[in-house]
Structures are given as structure tokens and as C-alpha cells.
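Enquirer: Let me begin by handing over the structure; questions about it come next.
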Amino acid sequence: MSKTALRPPRGMRDFYPDDFRRRAWLFDHFRTVGQSFAFEEVDAPMLEHAELFTRKAGEEIVDQLYHFELHDRHLALRPEMTPSIARMVIAQAGSLRMPVRWFTVTQNWRYERMTRGRKREHFQWNMDVWGEPSVTAEAELIAAIFSLLDQVGLPRGEVKIRINSRALLEETLRKGVLAQRPEAFAPLCVVIDKLDKIGADAVIDQLTDSEGAVGLDETSAREVVGLLQLRDLDEAARHAPAGSHAFEELKRLFSLLEAYGVREDVIFDASVVRGLAYYTGIVFEAFDAAGTLRAICGGGRYDNLAQTLGGKPIPAVGFGFGDVVLGELLSDKGLWPELPRCVDDLIFPFGESEREAAIQIATRLRGQGRRVELILDSPKLKRAMIDANRIGAQRIWMLGPDEISRGHAKVRELATGKESEEPINPD
RNA sequence: GUGGGCAUAGCUCAGCUGGUUAGAGCACCGGAUUGUGAUUCCGGGGGUCGGGGGUUCAAGUCCCCUUGUCCACCCCA
């Protein structure tokens, strides 16, 4: 066996018991929040037809897919959950009571360069609403995100959510610099998504690149970048067409979020457009207030996806929330809780002649729903006590020849040191 | 893909300009007289110094290659 084969592939993780308890703790919160919003949990295959993903995002993502061909089928590990959910909704659209509210907790894969907060395999909590065109759905989803953040112990203010509307930007630009060429809007979004990363000058360079898909003149490009600097909703509205529907929706969303009690932690930010091609309306992303990490989660409205995939049009909105960046944030803030093993009873037979009685006790207690570790080897009592202490057991049951002859086990409460006798076979 | 840092025990690391047999803390295992947890004390196991090649009387230390990892950029959710 080569040395590399003894390690997980790059970007993949092992979960040892300590890691797994954290993961389970986090997933529990994902599920608790999903259920508390009355969303239903669903799942789909982790392996899908590669076409499900390539169709939506174009050819570039093929390079990031874990994919292979087998028996003339081209299959891929899912890089995100939305296409699979869309597939499921489309398949049963006729019988589903809309709006559909579903959530998932799934593993996803994406072959790309690793950086902090990004691996090649991660778990993602997804919540989606299908069949609801109004921003009541967005508000509910954003409220769910804050609910999760509350649950994991992040104080309000540590995480903010930036919100924008692609629809508002599109309306504004069609009135002005893109009046003659609406088709340039999508590539324009791709360029301006980079504003934070490459800076205004580089964005203007790309927008004015005569070889590029956007091809604005410099004055127009500066105007666009200027629009992205807006952080005041009313000011953004003044640039939009009169009676803008997108603006009304944004305003309604913010007022709904006020009712949810999260208005303080959401920000209008005209530069948020998100990278995925299928977003059509409201887009949002959560980030740590210090701004040191990648986005914690992100989502938006994708009203055209169902139709793009070959179904009837169904409006939809959702978000994906990964486990990695949130985990980094909890580590940075020292907010991971102590997650001890939860063993109730440790059963210790001094010798093999007491094992049968030990098994009877263990079986009975397990039947009562207690978590019971039966000592399998033959350590000294001191060793067993240390172990009991370490795993956080409440009680240790000691069984020696004396106890057997009296039909009782000696039971010690670890916390108090108090010892008592319990019958081996109570009736 | 580009540039840089790091790689020594299970973990975190020390090891000065090359120089005896590579260390510490924690962890692990054992003991401190009969079947009882903490602290303490004593003892123990464990390292191809990431891998390969080179320079040298001598390499953990210097050089080259390689693999892994982290950071920044690039790219992208």
C-alpha cells in the first residue's frame, strides 16, 4: 500500500469520534431549524446523470465535477443540491401542494483548488421553497438562517446577510447602459461578482474589454460600478425605472425581515450578485462580520430553473449552507460546545465467571433505553474506573464473586461516589 | 496555474552558524502491596527527522528533485 493511499484524497475528510460528534451536533441544528419552519426533509442520489449539472451551468463546471462514464452512462457526484431538488419537484409537480418547502442535509463534491473554508467535499444544508413567487418565501428562508445561527450560539451581530436583487439591477441597466443589448446582462453579472476580489479598476477593464461579452464604453462601465457601490435602498431606487417591481419587492422583503426581528443584521448591498447563472431575483449571502472568511451561506431566487431543465415554470427560491465555513467561524470564536460521549452505565465483571450476569444486566439496561458499555476485556478495577470517568458514565456496575453469590451488583454513582446494591435479576 | 512558508514521537513543538546515542510538554501504557476515579511520585513503549538524490570526514541542519500541508494571488461558489 502506498503512503498516499493511506490518506484521504485531497480535500476529503475523515471524521473521528470527536469530529463526528461536532458534525452530528451541527446536523441536528440544521434539522431542528428545518423542522421548526415546517420544512420536510428529502434526499436524492449523490450520483446523478452528469447532464443534470452540465446543462444548467454550462461547460466550465464540467471541469469541477467528479464524474465518470460507466456502461455508457455519464455520471457525476452532485456538486450542489438544487438541480436534484428541481428534478424531484418537476417529476411530481402535478400532485405537489405548492408551495413546497423542503430541506436537505447532504454531502456535495466539487473538484477545485482548496483554500480556507473550501474543500472538495463538504456537507450542505439546503432549504428551498417551490411555487411561491412572492418574497414572503425569501423572508422565511433568511429568518431560518438566523435561527440556525442563534442555535449554534453565534451572538447576533457576528454574522450579517447582504441582500440584493438581480432583477433590480437588470431593470436599471436596461433603462440605461444595456438598453440596446439586454443579452449582456448575464456576463455582466459574472464580471461584477468579482468586484470585492479584483477591485473596481479591474472590473472596469473587463467591462470595457472590446473582446469581452459585455463591451461597454468606459463612461457606462463607471456608471455600472458606481451603481454597485450603493448601500442605500432608496438611492438605488432612484436609478431604477419608475414603479420598479423589483424595488417594491426588495422594500417588502426588508419590512418582512423587520417583523422577523432580524432587520438589524441584514444589509442592502448592490454589489451582491452571486456566481450561479440561474439566479433571477433576490440574491443574498451571509458573511462573518469581521469579513475574514468566505461566505457562510448563500442563496437566491431562481424562477427559471424548472423550465430550463425541461419542466413547467415554477418559481423557486433557496439557499445552501455549508458546514466548513461555519465550522471555521465557530472555531475562531471558540464556540464549539463540549460534546462528551454519552454513556450511562459501565458494566464491569471482575472475571469471566461474572460475565454472564454482566451481560444480563447490560441487556436489561439497554432495553430500558440506557446507553451501556460492557467491559469486554479484563482490566483492573482502577482501569475501569478511569475509563468510566473519561467517558462520562453516570454509574459503574461492579460484579465479583461476592456480588454474584448475593444476587446483587454493586453500583457506584460516579459523580457522588455513593455506592448501592442493585439486584442482578429484579422481578 | 503562480509565488511563498512549513514538514522532527499519537498531538503541539524545541533542536543556535552541519559535530557524540535526536529532546520537552501533553497523550498513551505500567507501578506506588488485597476490588475504587483526582493530584502527586516513579518507570516504560514509541521517531526510516515526509520521500528520493547530492555535497561533506560528518546532514534533522546545506543543495536539488518530489509528495503533503498552509497562506497569498488566480479562478470560482
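The values are calculated or read from the model by the stated rules, or taken from the named source; none is laboratory data. No experiment lies behind these values; they were computed from the predicted model shown. With ideal geometry, Cβ positions are generated from the backbone for all residues, glycine too; neighbour counts draw on all protein chains shown. Note: areas computed on protein heavy atoms with side chains; ligands, DNA, RNA excluded. Shrake-Rupley method; radii C 1.70, N 1.55, O 1.52, S 1.80 Å.
Enquirer: On the given criteria, is A:E373 within 16 Å of RNA strand B (Cβ to nearest atom) and either over 25 Å from A:Y16 (Cβ atoms) or assigned by TED's automatic domain parsing to the domain that holds A:G157 (or both)?
Expert: So A:E373 fails the test.
Enquirer: Something else: Pick from A:A415, A:A409, A:A384: which is open to solvent by less than 50 Å² (accessible area, probe 1.4 Å), out of contact with any helix residue (DSSP H, G or I) (no Cβ under 8 Å at 6 or more places or on another chain) and more than 30 Å from A:L148 (Cα to Cα)?
Expert: Residue meeting the stated conditions: A:A384.
Enquirer: Please work out which one of (1) outside any helix (DSSP H, G or I); (2) surrounded by 14 or more Cβ atoms within 10 Å (Cβ to Cβ) is the condition A:D377 fails and give its number.
Expert: Against the list (1) outside any helix (DSSP H, G or I); (2) surrounded by 14 or more Cβ atoms within 10 Å (Cβ to Cβ), A:D377 comes up short only on (2).
Enquirer: Taking the stated definitions as given, is A:R341 open to solvent by 50 Å² or more (accessible area, probe 1.4 Å), within 16 Å of the chain's Cα centre (by Cα) and of a type in the set (K, R)?
Expert: Here the answer is no, as A:R341 does not meet what is asked.
Enquirer: Cβ-Cβ distance below 9 Å, separation of 6 or more or different chains: which pairs start in the range A:330-359 with a residue that is without any contact (Cβ under 8 Å) to a residue 40 or more places away in the chain and end on one that is open to solvent by less than 50 Å² (accessible area, probe 1.4 Å) and not in a loop (DSSP other than H, G, I, E, B)?
Expert: Pairs found: A:R355/A:P349; A:R355/A:L374; A:R355/A:L399; A:E356/A:P349; A:I359/A:I347; A:I359/A:P349; A:I359/A:L374.
Enquirer: Go through (1) under 13 Å from A:E40 (Cα atoms); (2) away from RNA strand B (no atom under 15 Å from the Cβ) and name the single condition A:W125 misses.
Expert: (2)
Enquirer: Just checking, how many residues over the range A:255-312 are aliphatic (A, V, I, L, M), under 19 Å from A:T172 (Cβ atoms), touching a helix residue (DSSP H, G or I) at 6+ places or on another chain (Cβ under 7 Å) and within 13 Å of RNA strand B (Cβ to nearest atom)?
Expert: 2
Enquirer: Shifting gears a bit: Among the residues of the range A:383-414, count how many are assigned to a helix (DSSP H, G or I), charged (D, E, K, R), within 8 Å of RNA strand B (Cβ to nearest atom) and more than 44 Å from the chain's Cα centre (by Cα).
Expert: Of the residues in that region, 2 qualify.
Enquirer: Determine if the range A:348-358 includes at least one residue that is surrounded by fewer than 19 Cβ atoms within 10 Å (Cβ to Cβ), among the polar types (S, T, N, Q) and either under 22 Å from the mean Cα position of the chain (by Cα) or under 30 Å from A:R252 (Cα atoms) (or both).
Expert: No, because not a single residue in the range A:348-358 is surrounded by fewer than 19 Cβ atoms within 10 Å (Cβ to Cβ), among the polar types (S, T, N, Q) and either under 22 Å from the mean Cα position of the chain (by Cα) or under 30 Å from A:R252 (Cα atoms) (or both).
Enquirer: Tell me, please, whether a residue that is assigned to a loop (DSSP other than H, G, I, E, B), open to solvent by less than 80 Å² (accessible area, probe 1.4 Å) and under 30 Å from A:G291 (Cα atoms) can be found in the range A:359-370. Break it down into steps so the answer makes sense when it comes.
Expert: As a first pass, look at the range A:359-370 and keep what is assigned to a loop (DSSP other than H, G, I, E, B): A:368-370.
This time we only want the ones that are open to solvent by less than 80 Å² (accessible area, probe 1.4 Å), so: A:369-370.
If we keep only those that are under 30 Å from A:G291 (Cα atoms) as well, we get none.
Scanning the range A:359-370, I find no residue that is assigned to a loop (DSSP other than H, G, I, E, B), open to solvent by less than 80 Å² (accessible area, probe 1.4 Å) and under 30 Å from A:G291 (Cα atoms), so the answer is no.
Enquirer: A:P426 passes all but one of (1) open to solvent by 90 Å² or more (accessible area, probe 1.4 Å); (2) more than 7 Å from RNA strand B (Cβ to nearest atom); (3) not small (G, A, S); which number fails?
Expert: Failing condition for A:P426: (1).
Enquirer: Considering only residues that are open to solvent by 60 Å² or more (accessible area, probe 1.4 Å) and of a type outside the set (D, E), which ones fall in the range A:391-405?
Expert: Pass one, the range A:391-405, residues open to solvent by 60 Å² or more (accessible area, probe 1.4 Å): A:394, A:401-402, A:404-405.
Of everything in the range A:391-405, those that are open to solvent by 60 Å² or more (accessible area, probe 1.4 Å) and of a type outside the set (D, E) turn out to be A:Q394, A:P401, A:I404, A:S405.
Enquirer: Mind checking which residues of the range A:82-112 are within 16 Å of RNA strand B (Cβ to nearest atom), of a type outside the set (S, T, Y), over 21 Å from A:F68 (Cβ atoms) and out of contact with any Leu (no Cβ under 8 Å at 6 or more places or on another chain)?
Expert: The one that is within 16 Å of RNA strand B (Cβ to nearest atom), of a type outside the set (S, T, Y), over 21 Å from A:F68 (Cβ atoms) and out of contact with any Leu (no Cβ under 8 Å at 6 or more places or on another chain): A:I85.
Enquirer: Another question, then. Restricting the search to the range A:16-53, which residues are assigned to a loop (DSSP other than H, G, I, E, B) and open to solvent by 60 Å² or more (accessible area, probe 1.4 Å)?
Expert: A:Y16, A:A38, A:D43, A:P45, A:M46
Here's the yes/no breakdown for (1) over 27 Å from A:R116 (Cα atoms); (2) open to solvent by 60 Å² or more (accessible area, probe 1.4 Å):
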| position | (1), (2) |
| --- | --- |
| A:H239 | yes, yes |
| A:G243 | yes, yes |
| A:F254 | yes, no |
| A:A270 | no, no |
| A:L293 | no, no |
| A:A306 | yes, no |
| A:P315 | yes, no |
| A:S331 | no, yes |
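Enquirer: Within the group A:G261, A:G281, which residue is closer than 18 Å to A:C297 by Cα, of a type in the set (G, A, S) and modelled with pLDDT of 85 or more?
Expert: Values: A:G261 fails: closer than 18 Å to A:C297 by Cα.
Just one listed residue meets the conditions, A:G281.
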